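Right, I'll just put the structure down here and ask away after.
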Amino acid sequence: MVDFAVVAQWRQQHAGERKRLIQHYLERRRATSLLRGLSRAADRLLQEVWRAHDLPANTALVAVGGYGRDELYPHSDVDLLILLDDDLPVEDEARFEPLIGLLWDLGLHVGHSVRRLSECLTEAAGDITIQTNLLESRLLAGDRGLYARYRKDFEAHLDPYAFFEAKRLEQRNRHGRFADRALLLEPNLKESPGGLRDVQTAGWVSRAAGLPADFRGLARAGLMSAEEARLIGSRLTFISHLRIRIHLAANRREDRLLFEFQERLAGEMGYRAHGSHRASERLMQRYFQAAHELSLVNEFVLGCVRERLRPTNVCLPIAGHADFAVRDNRLDLVDADLYARRPSAILETFLVLQQHANLSGFTPATLRALWRARDRVDAAFRRDPGNRERFIALFRQARGLTLALRLMHRLGILGRYLPAFGRITGQMQHDLYHIHPVDEHTLMVLRNLRRMAMPEYAHELPFAHRVMSEFRHPDRLYLAALFHDIAKGRGGDHSSLGMADARRFCRAHGLGKAEADEVAWLVGQHLSLSSTAQKQDLADPEVIAEFAHQCGDLERLTALFLLTVADIRGTNPAIWNSWKDKLLRELYLASRRRLEGQAPHTDRVETRKEEALATMRLYGYSDGAEKKLWQQLDDVYFLRHEAQEIAWHTRRLLPLLGRQEIIVRARLAPIGEGVEVLVHAPDEEALFARICAFFAGMRYSILQARIHTTRDGHAMDTFLVMDEQSRVAYRDILSYIEFELTESLRKRAPLADIAPGRLPRQLKAFPLQPEAMLTAGVDANTWLLTVSAGDRPGLLYDIARLLGHHHATVRNARINTLGQRVEDVFVVSGDRLAQPDARLAIERELIAALG
């Protein structure tokens, strides 16, 4: 038993040594020195503890995993293997139990296993994780002969190719789990594609294949140049610094680059805000660029190792392309010096890939040759007419555009051919809306457009697929997608700046004036359809007429619709839903009818009435039954609701009109998500606020509120609500909403505060300055209230309650949630709003409440 005083002394000495090492790191900023220093400090403590215990001679203490390769991060686990000889008596195993407990008492985060020599080999044979841990090991204390036998037997039983295939599959699965997160705002520095685990995997498979495990050694082995090894080493060091810093900032093992630490780490690492970019955004851009290159090198190394372990000798020529061949269903170069002799072959390589459906990609040699040739894409290359023709040809191929552009981007070629695209590579957007860097978002939009055109993906967006299949010039649409966000981060309106870039590019690349104007127009207007659909009243004929006039013709309208759908879906999966799909389709179809010269809105009112009556007849209603309700409704109501909604409202209200003061009915939303709620009640100032309070208490989001006042003074309001957490099936909550909301409105209790929900961490780290503005509405005595703020539970209720306090009545509401940001538009009325001081007071109080 070790004396308590000795244990206290060990703990104090180790803590002091760690503190000195970390302080030295903060002063000198040498990541490798800290990682090795922490490993050596743990070595000394473990060796001293081992010696202090009376342990059997034929045992050994072995460092494995990250600790085994001398990379111990401040709060990483100390991975240990206690290796036992097969001849050790079973009763002696109990002598190690006090040792493990003591290590935890000393403050070490120990991950340990106790195995006999034969068990190591048996268990490793069926477990790739154990094989990997044992591959990187070093002796700390104990029997050297036992450890030597363990290393010899392990290496003799290791099958390099089986190990390679298992690690490649493991990496593919890990990338699948972290693929989206890698592009999110909080990447995992260890597990995401391009993270430290990718570098380690490259080292593991290289070591198993008998190659050096470090980049300098791989350069000596001919797998990369010395300059490339230095470049990759600097990227690896940068991510190591980040992981060290996040461990220190969080004071725990934390590998995610969390929002709450990004600004702090950026400052510590010397980044400062510049122009419109936060310091944290500049740090994140550097991270994404580094991860991008490390992921590419991982692919190079794994490809080269596979070629060494299982070389492919079959090489087939490609007809009409003497410089290329097919090797293992991938495109290979006949001459490794092709790009040095003929740089124009760089773009030709991607065209050949697109034109041959049997090709799945490039061989490792081709990838490496393209990466090394990226600097040949210079100003002279960009000015060459042939290269311009080849680049435009990429967008006119029947297949392979997404793959070609992604490969060009990964290899650093796209950003050199389009320097403006290179500047947005890795550029983060802390706007509570986008979850991808600008470059990845752009490629995602292109991918979405391509999927709309492919029959095998028609089930995702059937209407958009049908529209896309009729569109005559998809290449212009793809070019507009490439340029739609290319001016992000320059300051000013990125749509206008990108519009100028797109027009200049198109003219330089041989597109006619009309074609260039269309691409430029799409870039300049790429936000307009979404903004109109989500913020304006689509039942207003003037809104439709103005938007249709803005588009000018059906081709531009169609292209803008397709680009908008692809853009929103490529921005943040959480913000695309069937409700937004319905809004965009509604605006597109209404504008299309206008451009095609179809019937004015008065005819549409009568058409909707007829369609609603036809539906009611199916439920046994005779003609004329609807008059009791419809005589209280004006044309605006019929324009704002579809025929099936009008029929539902009428069927549910007619039996209760005159018998029940407050009527609440709910159904599954026809759009496929959420609940549609109908409220018919005597109109009053606080009604909208009470309804908002009810749904805020349920933690439901209101996506749409259509407020209508009948001629006899009743509110006839329709709400579309959703549970963002999907806690209870909507079908099971319908009766609850009908009963409880009716009771809540009947009681007319004073409007009370609602317990605030948890604020999203991103909103805490990057708070959004709220905005509120009141402007004159289209109709007399109405005002347009535009609100922008970070989203939180109860936000809409707070707005409604404050408006009620100022005796302002909500006439219509367009609720637009963009990730964790809201941009809501309300049509309000009230006598006090005619006074400028009253409007200013409302704006100030809203900003204070929303902040």
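Of all residues being among the hydrophobic types (A, V, I, L, M, F, W, C) and over 16 Å from A481 (Cβ atoms) in the range 557-583, which is nearest to the chain's Cα centre (by Cα)? Just the residue, please.
Here is the first cut: in the range 557-583, the ones among the hydrophobic types (A, V, I, L, M, F, W, C) are 557, 559-563, 565-566, 568, 574-576, 579, 583.
Going one step further and asking which of them are over 16 Å from A481 (Cβ atoms), we end up with 557, 574-576, 579, 583.
Details: L557: 28, A574: 9, I575: 11, W576: 13, W579: 20, L583: 23 Å.
So, considering only residues that are among the hydrophobic types (A, V, I, L, M, F, W, C) and over 16 Å from A481 (Cβ atoms), the one nearest to the chain's Cα centre (by Cα) is A574.
Working only within the range 826-835, note down all residues that are open to solvent by 10 Å² or more (accessible area, probe 1.4 Å), outside any loop (DSSP other than H, G, I, E, B) and out of contact with any Gly (no Cβ under 7 Å at 6 or more places or on another chain).
In the first step, residues of the range 826-835 are kept if they are open to solvent by 10 Å² or more (accessible area, probe 1.4 Å); the result is 827, 829-832, 834-835.
Going one step further and asking which of them are outside any loop (DSSP other than H, G, I, E, B), we end up with 827, 829, 831-832, 834.
Of everything in the range 826-835, those that are open to solvent by 10 Å² or more (accessible area, probe 1.4 Å), outside any loop (DSSP other than H, G, I, E, B) and out of contact with any Gly (no Cβ under 7 Å at 6 or more places or on another chain) turn out to be S829, D831, R832, A834.
I need the full set of residues from the range 372-384 which are part of a helix (DSSP H, G or I) and within 17 Å of L351 (Cα to Cα), in order please.
Passing the criteria: R374, F381, R382.
Let me ask something else about it. Sort out which residues of the range 361-388 are under 20 Å from G400 (Cβ atoms) and open to solvent by 60 Å² or more (accessible area, probe 1.4 Å), and write them in order of number.
Once the filter is applied, which keeps residues that are under 20 Å from G400 (Cβ atoms) and open to solvent by 60 Å² or more (accessible area, probe 1.4 Å), the range 361-388 yields only R388.
Give L99, L80 a once-over and let me know the one that is assigned to a helix (DSSP H, G or I) and buried (at least 18 other Cβ atoms within 10 Å of the Cβ).
Numbers: L80 fails: assigned to a helix (DSSP H, G or I).
Testing whether each residue is assigned to a helix (DSSP H, G or I) and buried (at least 18 other Cβ atoms within 10 Å of the Cβ) leaves just L99.
Now for a separate question. So which helices (runs of 4 or more DSSP H) stay within the range 430-523 end to end and still have 2 or more residues that are within 19 Å of the chain's Cα centre (by Cα)? Can you show your working first?
Values: elements: 438-453, 462-470, 474-483, 494-508.
Counting at least 2 such residues, we get 438-453, 474-483.
Checking the condition in a helix (DSSP H, G or I), out of contact with any Ser or Thr (no Cβ under 9 Å at 6 or more places or on another chain) and more than 21 Å from V825 (Cα to Cα), which residue from E740, E661 passes?
Numbers: E661 fails: in a helix (DSSP H, G or I).
When all the criteria are applied, what remains is E740.
W50 fails exactly one of the following numbered conditions: (1) modelled with pLDDT of 95 or more; (2) of a type outside the set (A, V, I, L, M); (3) open to solvent by less than 70 Å² (accessible area, probe 1.4 Å). What is the number of that condition?
(1)
Using the structure shown, decide if G303 is part of a helix (DSSP H, G or I), touching a helix residue (DSSP H, G or I) at 6+ places or on another chain (Cβ under 8 Å) and either within 19 Å of H436 (Cα to Cα) or open to solvent by less than 20 Å² (accessible area, probe 1.4 Å) (or both).
It is true that G303 is part of a helix (DSSP H, G or I), touching a helix residue (DSSP H, G or I) at 6+ places or on another chain (Cβ under 8 Å) and either within 19 Å of H436 (Cα to Cα) or open to solvent by less than 20 Å² (accessible area, probe 1.4 Å) (or both).
Looking at G674, is it more than 24 Å from R811 (Cβ to Cβ) and out of contact with any Lys or Arg (no Cβ under 8 Å at 6 or more places or on another chain)? First the steps, then the outcome.
On the way: more than 24 Å from R811 (Cβ to Cβ): no; out of contact with any Lys or Arg (no Cβ under 8 Å at 6 or more places or on another chain): yes.
No, not satisfied.
Residue-by-condition table, conditions (1) over 24 Å from L833 (Cβ atoms); (2) at pLDDT 85 or above; (3) outside any loop (DSSP other than H, G, I, E, B):
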| residue | (1), (2), (3) |
| --- | --- |
| R758 | yes, no, no |
| Q762 | yes, no, yes |
| P767 | yes, no, no |
| M773 | no, yes, yes |
| V778 | no, no, no |
| L784 | no, yes, yes |
| S788 | no, yes, yes |
| Y797 | no, yes, yes |
| R801 | no, yes, yes |
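Oh, and also: Applying the selection to the range 664-704, what residues are assigned to a loop (DSSP other than H, G, I, E, B) and open to solvent by 30 Å² or more (accessible area, probe 1.4 Å)? Outline the logic, then answer.
Initial filter on the range 664-704 (assigned to a loop (DSSP other than H, G, I, E, B)): 669-674, 683-686, 699-700.
Passing the criteria: P670, I671, G672, E673, D683, E684, E685, R699.
Could I ask something else about it? When both residues are 6+ apart or on different chains and their Cβ atoms are under 7 Å apart, which pairs have a first residue that lies in the range 278-306 and is free of Cβ contacts under 8 Å to residues at least 40 places away in the same chain, and a second that is in a helix (DSSP H, G or I) and open to solvent by 10 Å² or more (accessible area, probe 1.4 Å)?
Going by the 7 Å Cβ cut-off, the qualifying pairs are A279/E263; A279/G267.
On the given criteria, is D323 open to solvent by less than 70 Å² (accessible area, probe 1.4 Å), assigned to a strand (DSSP E or B) and charged (D, E, K, R)? Walk me through it before giving the result.
Details: open to solvent by less than 70 Å² (accessible area, probe 1.4 Å): yes; assigned to a strand (DSSP E or B): yes; charged (D, E, K, R): yes.
Yes.
The values are calculated or read from the model by the stated rules, or taken from the named source; none is laboratory data. On a predicted model such as this, the values are computed, not experimentally measured, just so you know. Note: ideal-geometry Cβ built from the backbone for every residue, glycine included; neighbour counts use all protein chains shown. Accessible surface is based on the protein model in full, side chains and every heavy atom, while ligands, DNA and RNA are left aside. Shrake-Rupley method; radii C 1.70, N 1.55, O 1.52, S 1.80 Å.
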